[in-house]
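S.K.: Structure provided below as C-alpha cells; questions to follow.
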Amino acid sequence: MFDPVINSLPAFAGFFVTAIVLLLVFLAIYIRVTPYNELTLIRQGNEAAAVSLGGAVIGFALPIAVAVAVSHNLYAMIGWGLVASIVQLLTFIAARLAMPRLNESIPQGKLASGIFLASLAIGVGILNAGCIV
C-alpha cells in the first residue's frame, strides 16, 4: 500500500530540497534588492513588511510548484525558479513605479502598502504559474 510513496521519496526529497534552496536564494536576492530589510522590519513587528514579503514568497512558490507538477524535471524547475525570481523582482520594481512612496510606506508599517504589494506579487505569481506549459 505504501510502496509507491516509499519508492517516490528520493524524487520527493530532491525536488523539495531544491525548491527550498531556490526559495532561500530568492529571499536573499529579494531582500537585497528592496531598499529596506524585510527581516529586520518583521523582527521589529512591522506587519506591512511581513505581508509584503509573504506575498513575494507565495508569488515565487506558485510557479515552482506548477513547474514540478507539469514537468517532473529538476532542471526545468530550476529554470522556472530563475524566471519566477526575475518576474517577482520586476513586479516589485513595477509596484515602486506605481506607488513612488512604497519605499517609505513599508518601513513605516503602512499595512495598505504591504497588502497592495503582496496582492500584486501573488497575482503575478498566479499568472506566471499559469503560463508554465
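Every number in this text was worked out from the coordinates using simple rules, so none of it is lab data. Only a predicted model underlies this, so the values are computations on that prediction, with no experimental measurement involved. FYI the Cβ positions are ideal-geometry reconstructions off the backbone, even for glycines, and counts take in every protein chain you see.
S.K.: Out of the residues in the range 45-61 that are aliphatic (A, V, I, L, M) and under 21 Å from ILE20 (Cβ atoms), which is surrounded by the most Cβ atoms within 10 Å (Cβ to Cβ)? Spell out how you get there, then give the answer.
M.R.: Initially, the range 45-61 is screened for residues aliphatic (A, V, I, L, M), giving 48-51, 53, 56-58, 61.
Narrowing the set further to residues that are under 21 Å from ILE20 (Cβ atoms) leaves 50, 53, 56-58, 61.
Values: ALA50: 19, LEU53: 24, ALA56: 27, VAL57: 19, ILE58: 14, ALA61: 19.
Among those that are aliphatic (A, V, I, L, M) and under 21 Å from ILE20 (Cβ atoms), it is ALA56.
S.K.: Provide a single number: the residues in the range 34-71 that are β-branched (Val, Ile, Thr) and over 13 Å from ALA121 (Cβ atoms).
M.R.: The number of residues fulfilling the criteria is 6.
S.K.: Moving on. From ILE64, ILE42, ILE132, grab the single residue that is among the aliphatic types (A, V, I, L, M), within 13 Å of the chain's Cα centre (by Cα) and within 27 Å of PHE16 (Cβ to Cβ).
M.R.: ILE64
S.K.: Then there is this: Within the range 29-52, is even one residue within 15 Å of ALA67 (Cβ to Cβ) and touching a residue at least 24 places away in the same chain (Cβ under 8 Å)?
M.R.: no
S.K.: Looking only at residues that are surrounded by fewer than 20 Cβ atoms within 10 Å (Cβ to Cβ) and not aromatic (Phe, Trp, Tyr) in the range 72-84, which one is farthest from THR18 (Cα to Cα)?
M.R.: VAL83
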